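Scroll down for the structure; my scribbles are underneath it.
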Amino acid sequence: MAYRLVSEHPEHEAGIERVLDRAFGPGRFAKTSERVRERGAAPEPELSRVALNEADEVIGVCRLWRIRIGAAPLHFLGPLAVDPAHQGDRLGLALAKGAVDAARASGGAGIVLVGAEPFFRPLGFSQIPQGRVLMPGPVAAHRFLWLELIPGAFDHARGEITS
């Protein structure tokens, strides 16, 4: 399958919503990660990545948001979604890697996410020590992950995720 990854632009919004609806259904709005975005996390479209097919249709997305944990300015990754018709070919991993690489190139300190550790481990993500960081709702501790982009970025990251 041929695709290209680009930064998110306003003209991608309808396609992104279509992919999110197809990938997650209406339950996507009930996720704890959605509470982070609702509480004012600032979107980072220039760091987010969108996958476009040969017809320039959105087939996947990985969004990054500006957050804080205590005094630490960080990024929150999500949602990461691939249209079900294009799942299984590692596009999700390519999208996540593209967003991580963009955050690193921009000088970003670190990234936090809720996801499957075996999927994100190849990018360097690991579990956040239990109780160190709080989400605005329930999250399984084994799915709460982070990636330090600058050494020491998480030294003072303690407490609740805020915007």
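The values are calculated or read from the model by the stated rules, or taken from the named source; none is laboratory data. The structure displayed is predicted, hence computed values, not measured ones. Cβ placement follows ideal geometry from the backbone for every residue including glycine, while neighbour counts extend to all protein chains displayed. Each accessible area value is taken on the protein alone, full model and side chains, heavy atoms only, with ligands, DNA and RNA left out. Shrake-Rupley method; radii C 1.70, N 1.55, O 1.52, S 1.80 Å.
Scanning the range 127-149 for residues that are charged (D, E, K, R) and either closer than 18 Å to ARG35 by Cα or at pLDDT 95 or above (or both) yields ARG143, GLU148. Restricting attention to the range 84-110, the residues being within 12 Å of the chain's Cα centre (by Cα) and more than 28 Å from ALA2 (Cβ to Cβ) number 1. Per this entry, LEU77 is counted among residues that are in a strand (DSSP E or B) and either farther than 25 Å from MET1 by Cα or touching a helix residue (DSSP H, G or I) at 6+ places or on another chain (Cβ under 8 Å) (or both). Does GLY124 count as on the phi > 0 side of the Ramachandran plot, modelled with pLDDT of 95 or more and open to solvent by 10 Å² or more (accessible area, probe 1.4 Å)? Yes: the conditions hold for GLY124.
If the condition is being touching a strand residue (DSSP E or B) at 6+ places or on another chain (Cβ under 7 Å), under 28 Å from GLU160 (Cβ atoms) and either modelled with pLDDT of 95 or more or not aromatic (Phe, Trp, Tyr) (or both), then the range 15-27 contributes ILE16, LEU20, ALA23. When ARG68, ARG22 are checked against the criterion of being within 28 Å of ALA109 (Cα to Cα) and in contact (Cβ under 8 Å) with a residue 24 or more places away in the chain, ARG68 stands alone in meeting it. The set of residues in the range 1-60 that are under 16 Å from the mean Cα position of the chain (by Cα), under 17 Å from LEU80 (Cβ atoms), of a type in the set (Gly, Ala, Ser) and not in a strand (DSSP E or B) comprises ALA23, SER33, ALA41, SER48.
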